[in-house]
């Protein structure tokens with residue numbers, strides 16, 4: 001069991017290096033095929049109130065977009081070529097020009113998506129595009145942090161567990177990383193009441209992962225006057241974990257947009273690389 005086809009989401013030259021720093025060692029180790037994907041916006045024709053669209057302006061947009069895409073494609077080839085990793089490069093033109101959104105068609109047929117965290121200091125940036133990958137790709141997403149070391153093998157993993165469908169999906173999607181890790185800690189924050197026929201203390205999922213060969217332990221915390229996201233973030237930092245695994249949007253996306261939530265908070269303040277599934 002492993003990730004044999006990896007989609008590298010290359011938004012721009014700002015995040016290309018960090019994404020590839022994670023993807024290439026992972027692909028080499030797993031002998032995986034890498035698909036690099038990048039999107040450019042379709043030129044929009046602007047015309048005066050009376051008259052025709054400025055074709056020179058459109059042509060200049062097309063040329064600029066092609067130049068940017070070619071530069072990223074060349075950089076991708078230069079990085080991955082010497083490794084001998086099987087790969088391909090895809091450029092897509094859409095009205096939005098957002099690579100995360102445009103990557104969906106490719107994402108449906110891969111084992112793992114790797115993308116960069118949105119720069120928290122960039123006030124114009126948004127995590128909404130990554131939300132679309134989480135909701136519509138149907139595949140796990142590994143987010144590379146904007147700051148900090150870039151890893152492709154993780155020695156200590158924290159699995160944020162709340163017993164939901166989303167956290168179960170994330171746990172089993174991340175199993176290849178857990179089997180490589182020295183240890184995986186299942187973290188429960190404000191454990192819910194047990195459901196009929198099951199437990200809420202993490203012992204069931206711990207036992208299942210242990211049968212697969214993962215080295216598993218369980219920790220439990222009460223949030224008190226802190227948010228659940230803050231408790232998870234603090235625990236990850238204090239425990240020295242280098243990967244956080246969690247289900248995305250156990251509550252509705254609208255609720256998280258309006259009131260905040262664990263997924264959105266951790267996407268904006270990722271302490272380490274974060275693996276999400278939904």
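The values are calculated or read from the model by the stated rules, or taken from the named source; none is laboratory data. Note that this is a predicted model, so its numbers are computed, not measured. FYI the Cβ positions are ideal-geometry reconstructions off the backbone, even for glycines, and counts take in every protein chain you see.
Details
- Qualifying residue in region 242-254 (condition: at pLDDT below 85, touching a helix residue (DSSP H, G or I) at 6+ places or on another chain (Cβ under 6 Å) and either buried (at least 20 other Cβ atoms within 10 Å of the Cβ) or part of a loop (DSSP other than H, G, I, E, B) (or both)): yes
- Of all residues in region 111-138, those being crowded, with 19+ Cβ neighbours inside 10 Å and either modelled with pLDDT of 95 or more or on the phi > 0 side of the Ramachandran plot (or both) number 3.
- So residue 13, is it more than 16 Å from the chain's Cα centre (by Cα), more than 30 Å from residue 242 (Cα to Cα) and at pLDDT 80 or above: no
- With respect to the conditions (1) surrounded by fewer than 15 Cβ atoms within 10 Å (Cβ to Cβ); (2) modelled with pLDDT under 95; (3) farther than 22 Å from residue 262 by Cα, residue 190 falls short on a single one, namely (3).
- A count restricted to region 70-92 and to residues that are closer than 21 Å to residue 14 by Cβ, more than 22 Å from the chain's Cα centre (by Cα) and surrounded by 12 or more Cβ atoms within 10 Å (Cβ to Cβ) stands at 2.
- Put simply, of 159, 209 the only residue that is at pLDDT 95 or above and part of a strand (DSSP E or B) is 159.
- Restricting attention to region 216-229, the residues being closer than 22 Å to residue 177 by Cβ, surrounded by 15 or more Cβ atoms within 10 Å (Cβ to Cβ) and in contact with a strand residue (DSSP E or B) (Cβ under 8 Å, 6 or more places away or on another chain) number 2.
- Across region 199-213, the qualifying residues are those that are more than 17 Å from residue 167 (Cα to Cα) and in contact with a helix residue (DSSP H, G or I) (Cβ under 9 Å, 6 or more places away or on another chain), and the one among them that is surrounded by the most Cβ atoms within 10 Å (Cβ to Cβ) is 212.
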